[in-house]
Structures are given as C-alpha cells and as structure tokens.
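The values are calculated or read from the model by the stated rules, or taken from the named source; none is laboratory data. This is a predicted model, so every value here is computed, not measured. All Cβ positions, glycine included, derive from the backbone under ideal geometry; neighbour counts span all protein chains shown. Accessible surface areas use protein heavy atoms only, side chains included; no ligands, DNA or RNA. Shrake-Rupley method; radii C 1.70, N 1.55, O 1.52, S 1.80 Å.
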Amino acid sequence: MDWFQQLGFLCFVFYTKTPYPEVSITLKQPNQFCFALNGKTRCITLHKNVNWPCVVKIVADIGKVQVKLIKKVLGLWPTFGTLTTTRNIQIDYWKCELLNSFDVTPNAKFLLFKYQQNLYNHVYPGRHIYIKANVNGQVVSRPYTPVWPLVETTEYGIISEDTLCLLVKSYPNGKLSRHLCSLNQGDLIEVSRPQGSFECWTSKTNLILLAAGTGITPMLPIIWNALHSSIKKYNITLLYFNKKETCIIWKKYLDQKSAAYSSRLTVHYILSEEENSMGDTKGHIDESVITKYFPTLNEESLNEHAVCVCGPPGFNKLCEKLIVQQGYKKDDYFVFG
C-alpha cells in the first residue's frame, strides 16, 4: 500500500496483483476508513476526519486500486493514521433507500438509490447485483445490472460515486419490477454484493453487442469502459432491438456517444413494429441481420472479436445459435442470463 496527500485530500493506492479485484470501501466513522480487497478486510484509523463519498479509480487489468478521501479541514498530515487488520464479516445484503426515480420510456424508470451506510461497492462491466424486497408479504429477489448515463448530464442531478443506479422496466407479470417502479422516495430495498464473472471482452479489440429491450443494461457499462479504457483501444458495434422507437432506452445518450466516438462506436436500431427512421433494418434477429452487420471472419480476425448478447430467453437462444453458425467459439461470445 502507498499513500500521498495534498492540502485538501489524501489518496491510498493498493496493488492487489489480481485482475478485476473485489473492491468494497466503507467509512464507518469520519476517521475510520475500511477497505475489503478480494475478501481481505483492513481498517485505518485516520489521523483526522474526512468527508464522504470517496473517489475510486481502478485499473482492473492489473488490479490497481486508488481511493481518494477529501479532508474535512485543509492541511498536511504527518501520517495517514494507523493500519489494522480486522476480522472478515460476511455481509450478504445491504439496505438502500430510493433517492429519486425518473421516467425513461413509458414503462421503464431510472432509479437512484443510496446505501444507508457510507459504502462503495465496485461493480465491473457485465456483472450484477441481486435486489431483494418484500412484495405483498413475499420476499422476491432478482439480478439487476447497475448502470449510469453514457454521457455527462444534469438531467438526473448530481450522481455521486456511491449512488446505486438501476434501469428497470415494469412488466405486467413482474412482481419485483412492478414493485421497484412503484417505490417512493425513502423506500428501502436490499442489495447484494456484486456477482458474476465476465471477462471475455478484455482479450479482444472488436466488440459486437446484441441487446433487446432492457437487455441494454449490461451493455452500457461495457460501452463506457471500452471507450474510456486506458489500456486498450476498442471498436464497438451495437445492434439494439426494440418494438418501436419510443421503446429505445436512452437513445439520445447512445446517439451522443456514437457521435463523439464515431470511428469506434456504431449503433444500429432494429425495430420490429414500425419503419425505422434511422435507415436500419426493420424486423427481428435472424440470419439476414447477422450477415448484414457482422464482419466476415477468418482465423486472424476471429481472435479480435467478441460478441455479447442480452435479451429475453428466446432472443438469447436464437442469437447464440446464429453466432455459432458464424464460426464463433464458446470463448468468443457471452450470453447474459
């Protein structure tokens, strides 16, 4: 562990030497800072008090974690404080309260939650958390992918580092989705630690993303991280399937991002129930769509491409079949379940 400081802040740098380390940060007291890296928890009694939230930067490929804490009072400290090792306490779920909700489409909302304690859990692209809530006397749990807008925006106010952001579509028979979309400010849910394993894209340079409806949620962090990677330059093609243009989640953000990264991000909107004003194909996922938008593969180019799929079960199953027919092997694609 290293540390450095300026008058207004101090930074801790941890070298886990493990790609994609598990990272959880807690400020238990204004001068008690705890961090859990790959399941090992340590606490620091700081020299003086700091503010929350912290700012976390992670170079996932090499396992480097930097945590920036803002000092309550300006000044240079003679020491960061005292480091101790603590007994690991397994926490399965944390309580979160709803800060605000925003309509994104006629049946989808963007929900902003805050942990009840000063907590930051890092969620890597393609990974998820479980949301648990009591719905009419029954405990219901489902996986969701935390997301955030692809571009800088004030539309949703200031989203701090420790805010948990979810895109949720309300389904007629979805107990938890309808419950989440009906929550009022201050209502509580329970949130698990980040879960999942998804790293197939890190060894590639060209990403093809197939998303249907709210299947866009795991793709948004992938797009953002790929375009902002300091390690590698990625090229991304997104095929986004919806019924109508009004169903497209965050179309304006996707358009802004693709305009800003026009040489690296291409977005195609494929609609099934109306003509496409953007000039893309009308219809459903089928062999003709794959043939039109997928590159022709050879042995060399196959090693450069990865495909990610997320949508309803039928969509996922058909996509996987078509991808395999194109020559992609199991290590070259990932289907989110």
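So what does log10 I(q)/I(0) come out to for the range 1-136 at q = 0.20, 0.22 Å⁻¹, using the Debye formula with one equal point on every Cα and no solvent?
Debye output, listed in q order: -1.28, -1.44.
For Cα pairs less than 8 Å apart in space and 6+ apart in sequence, what is the mean separation divided by the residue count of the range 246-335, i.e. the relative contact order in percent?
On the way: 64 pairs, mean separation 18.0, N = 90.
This gives 20 percent for the range 246-335.
Can you pull out the trypsin sites (Lys or Arg not before Pro) in the range 5-42 that DSSP calls coil and that have at most 12 other Cβ atoms within 10 Å? The partial results should precede the final answer.
Numbers: sites: Lys17, Lys28, Lys40, Arg42; in loops: Lys17.
Of the trypsin sites (Lys or Arg not before Pro), the ones in loops of the range 5-42 whose Cβ has at most 12 other Cβ atoms within 10 Å are Lys17.
Taking the Cα-to-Cβ direction at Val139 and at Ala260 and moving 7 Å from each Cα, how far apart do the two end points lie in nm?
Result: 4.1 nm between the two label points.
Which whole-number percent is the relative contact order of the chain (Cα, under 8 Å, 6+ apart)?
Numbers: 671 pairs, mean separation 45.1, N = 337.
About 13 percent, as a whole number.
Starting from the Cα gyration tensor of the range 222-304, take the square roots of the eigenvalues, sort them a ≥ b ≥ c, and report rounded, prolate or oblate (rounded when a/c is under 1.5, otherwise prolate if a/b is larger than b/c, else oblate). List each step's numbers first, then the result.
Values: a/c = 2.67, a/b = 1.26, b/c = 2.12.
Note, shape of the range 222-304 comes out oblate.
Would you mind giving the average projected area, over all directions, of the Cα convex hull of the range 61-184 in nm² with one decimal? Let's see the in-between values first.
Numbers: hull surface 47.0 nm².
Mean shadow area of the hull around the Cα atoms is 11.8 nm².
Please report, as a whole percent, how much of the solvent-accessible surface of the range 153-213 comes from carbon and sulfur atoms (probe radius 1.4 Å). Please report the intermediate quantities before stating the final value.
On the way: 1240 of 2740 Å².
Carbon plus sulfur share of accessible area: 45 percent.
May I ask you to list the aspartates and glutamates whose Cα is less than 17 Å away from that of Lys243, ignoring any residue fewer than eight positions away on the same chain?
Output for Lys243: Glu273, Glu274, Glu275, Asp280, Asp286.
For a test of the definition: using alpha carbon positions, the gyration tensor, and the 1.5 limit on a/c, classify the range 180-337 as rounded, prolate or oblate.
Numbers: a/c = 1.45, a/b = 1.20, b/c = 1.20.
Because its axes are fairly even, with a/c under 1.5, the range 180-337 counts as rounded.
What do you get for the angle between helix 251-260 and the principal long axis of the chain? Use alpha-carbon atoms, 0 to 90 degrees, nearest ten.
80
Tell me the GluC sites (Glu not before Pro) within the range 213-286 that lie in a loop according to DSSP and have at most 15 other beta-carbon atoms within 10 Å.
Listed in order of number, the matching sites are Glu273, Glu274, Glu275.
Could you sort 95-103, 115-123 so that the peptide with the highest average Cβ count within 10 Å comes first and the rest follow in order? List each step's numbers first, then the result.
Details: 95-103: 16.0, 115-123: 17.9.
Averaged packing, sorted descending, gives the order 115-123, 95-103.
Can you give the relative contact order of the range 208-299 as a percent, counting alpha carbon pairs under 8 Å and 6+ residues apart?
After rounding, I find 25 percent.
Pop out the carbon and sulfur fraction of the accessible area of the range 231-337 as a percent, whole number, probe 1.4 Å. Display every interim value, and only then the final one.
Working: 2820 of 5690 Å².
With neighbouring chains kept in place, the figure for the range 231-337 is 50 percent.
Taking only protein heavy atoms into account and a 1.4 Å probe, give the accessible area per residue of the chain in Å².
Working: 16700 Å² over 337 residues.
Normalised by residue count, the accessible surface of the chain is 50 Å².
Going highest first, how would you order 158-168, 1-11, 211-221 by mean Cβ packing within 10 Å?
Values: 158-168: 17.9, 1-11: 13.7, 211-221: 23.1.
Ranking the peptides 158-168, 1-11, 211-221 by packing returns 211-221, 158-168, 1-11.
Could you tell me the center-to-center distance, by alpha carbons, between the range 294-337 and the range 251-272 in angstrom?
Value for the Cα centre distance between the two parts: 20 Å.
Past 22 Å, Cα to Cα, is the threshold; run Lys244/Lys282; Lys251/Lys282; Lys251/Lys329; Lys204/Lys282 against it and keep the listed order. Walk me through the numbers on the way to the answer.
Details: Lys244/Lys282 10 Å; Lys251/Lys282 17 Å; Lys251/Lys329 31 Å; Lys204/Lys282 29 Å.
The answer is Lys251/Lys329; Lys204/Lys282.
Can you count the Lys pairs in the range 13-169 with C-alpha separation below 14 Å, eight or more apart or on different chains?
The result is 9.
Calculated from the structure, mean projected area of the Cα convex hull in nm² equals which of (1) 37.9; (2) 25.6; (3) 18.6?
The calculated read-out lines up with (3).
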